[in-house]
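> One structure, pasted below without further comment.
Just so you know, all these numbers are worked out from the coordinates, no wet-lab data involved. Bear in mind the structure is a predicted one, so any value in this text is a computation, not a measurement. Counting neighbours? That spans all protein chains shown, and the Cβs are built from the backbone with ideal geometry, glycine included.
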Amino acid sequence: MAETTRRRLRSSTVMLGGMGVLAAALSACGSEPDKRCVDPNSYDLNRGYKVLDSKACKSSGGSSSGSSSGTGTAGRWYYGSNRSGGFADRGTFSKSQAVDRGGFGCSSSSGG
């Protein structure tokens, strides 16, 4: 009887683990890419782009030219980047490229 209980515990543990992996895969494919509002003219070779308040991207419509009223700096959305100390790097300004990078279990549509 002890063996039967042990087997059930193992199978339920495997089942729960499998459900977690499936949930992570599905949520990674369906989610929006991580985005940060940055100043496109502030690139620093060592640190990347300066991160701005998201209002700078909303008020400017995410355009790369002109200035947003009130902030003096027009921000652009920067997708899939790493953030460190108020700077973002290793991302892209293209939302479609950020989505094409995919995640675990996602298929990429990029071709050679």
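> Going by average Cβ density within 10 Å per residue, which order do the peptides 82-92, 32-42 take, highest to lowest?
32-42, 82-92
> Also, quick follow-up: Can you list the aspartates and glutamates whose alpha carbon is less than 13 Å from that of residue 95, not counting same-chain residues fewer than 8 positions off?
Of all the aspartates and glutamates, those that pass the test against residue 95 - Cα under 13 Å, at least 8 places apart if same chain - are 32, 34.
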